[in-house]
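A short write-up of the structure that comes next.
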Amino acid sequence: MLNTAAENKLKLIDPYNRFLNYLRISIIDRCNLKCMYCVPDGKIPKLSHLEILSYEELLRIITVGAQLGISKVRITGGEPLVRKNVFPFLEKITAIKALSDVSLTTNGVLLIDSVDALRSAGIKRINVSLDTLDRAKYKTVTGRDHFDRVWAGILAAQKAGFYPIKLNMVVLSGINEDEFLDFARLSFTYPFHIRFIEYMPIGNPRMKFNRDILAPEIKRRLEAIGELIPAEKEDLSGPAERYRFKGAMGEIGFIRPISRHFCGSCNRLRLTASGQIRTCLLSDDQVDLKGPMRKGCSDNELAEILIKSIRHKPSEHHLLADQEPKVSSEMSAIGG
Ligand code: SAM
């Protein structure tokens, strides 16, 4: 437990009065896909086992974070399901009483074999990244022929009772623009939340960044199917702008980091696989937690480092639609 002095430091409130209660954790930098926008030049330097945080270290950070007000945790990667013994680790996180929401983002490749273990570990909702519904295109985008496995995994997850299942489609100019309607139509047949994510020009500098297919244009195209009715705000809906077609089982969401960034209400902190706290996905500033922990810092000292790290959270990012794209670090290390 933290001592009262640290507890009284009034949680993780940054200089812009944002209460940071959401921790996104990349538990491994490795991935079983090689997505064209995530992997510059087909290669990412891999961290060694010793360089990534151990499960004990991760749990310690989550526990201290929870004492400072973190109530929501997302596990991501790399691909979180490729890390050995991930399920007992997840079970320990979902057992932390102060956390009201623990979720996972996966590419779905290993989902079909993981649904039962994920449920038993206490995970109730998942996000699956899926940029195309076309098997051949999937292979081009990800470098692997796993579309059928992923789709089977998504259906297995639905059967096992995960809700909501959010399907995240990153909009890639000239690659999946022709599939907006196909993705949107899934919301009539399945209770999935289909989310169109504006591509952020980071990661692979060779990817085309097209300002013409941001959320307003995608929404305009989707309205060929029917009227998009705004969905009611929910506690866990995050920054997505949510809609529903009349009579649909699922939802349509737009994540708009470019056309309407949500920095003013950003409540996120990110922990990289190598133990660095990042206060903004689009800034390379980071604060080391691994070094102090491995040198034997106390929980109070760890809490102090976390509290200090948020002083540098920028008021907003600089990827606005009218500015030049900036290329930052790789997503696999940070977790998206
Ligand atoms: N392997 C997991 C997965 O595929 O969901 C988790 C890690 S992945 C880096 C997390 C998310 O970041 C994915 O949905 C991916 O599509 C998204 N992402 C990666 N690069 C992106 C970019 N440049 N712009 C927008 N989203 C991106």
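Structural remarks
- Here's how it looks for Leu167: its modeled amide H is under 5 Å from those of Val128, His193, Ile194, Arg195, which are all 5 or more places away or on a different chain.
- Fraction of alpha-carbon pairs over 13 Å apart in the range 191-234 - percent: 68
- With each label modelled as a point 7 angstrom along the Cα→C-beta vector, the Leu181-Arg60 pair spans 5.6 nm.
- Given charges at beta-carbon only (K, R positive; D, E negative), |dipole| of the range 25-163 in Debye: 140
- Shape category assigned to the range 170-323 from the gyration tensor of Cα positions, a/c cut at 1.5: prolate
- When Phe89, Phe262, Phe196 are sorted by how many other C-beta atoms sit within 10 angstrom of their C-beta, beginning with the fewest, the order is Phe262, Phe89, Phe196.
- Isolated cysteines of the chain, defined as having no other cysteine beta carbon under 4.7 Å away, are Cys31, Cys263, Cys266, Cys280, Cys297.
- Over the chain, Cα pairs under 8 Å with separation of 6+ residues give a relative contact order of 23 percent.
- Each Lys and Arg Cβ is given +1 and each Asp and Glu Cβ -1; about its Cα centre, the range 4-334 then shows a dipole of about 360 debye.
- Taking the fewest neighbouring Cβ atoms within 10 Å as the starting point, the ordered list for Glu301, Glu198, Glu234 is Glu234, Glu301, Glu198.
- Residue order, fewest to most beta carbons within 10 Å, for Ser315, Ser71: Ser315, Ser71
- Among Leu186, Leu20, Leu269, the residue with the largest mean-square fluctuation in a Gaussian network model of the chain, with springs joining Cα atoms closer than 10 Å, is Leu186.
- Full extension of the chain segment joining Cys297 with Ile225 gains 20.2 nm, where the gain is 0.36 nm per residue of separation less the Cα-Cα distance.
- Positive-end residue, the chain charge dipole about Cα centroid, Cβ charges, pick of Met249, Ala160, Ala215: Ala160
- Computed lengthening from Lys159 to Asp284, 0.36 nm per intervening residue step minus Cα-Cα distance: 41.0 nm
- Per-pair calculated FRET efficiency, R0 = 22 Å: Arg311 and Ser265 via Cβ, rounded to 0.05: 0.70
- Calculated FRET efficiency for the pair Glu234/Phe188, C-beta based, R₀ 25 Å, to 0.05: 0.75
- Dipole of the range 4-334 computed with +1 at Lys/Arg Cβ and -1 at Asp/Glu Cβ about the Cα centre; of Leu269, Gly291, Cys38, farthest Cα towards the positive end is Gly291.
- The loop-placed GluC sites (Glu not before Pro) in the range 56-139, going by DSSP, include none that has at most 14 neighbouring Cβ atoms within 10 Å of its Cβ.
Just so you know, all these numbers are worked out from the coordinates, no wet-lab data involved. Bear in mind the structure is a predicted one, so any value in this text is a computation, not a measurement. Using ideal geometry, Cβ is built from the backbone for each residue, glycine included, and neighbour counts are taken over all protein chains shown.
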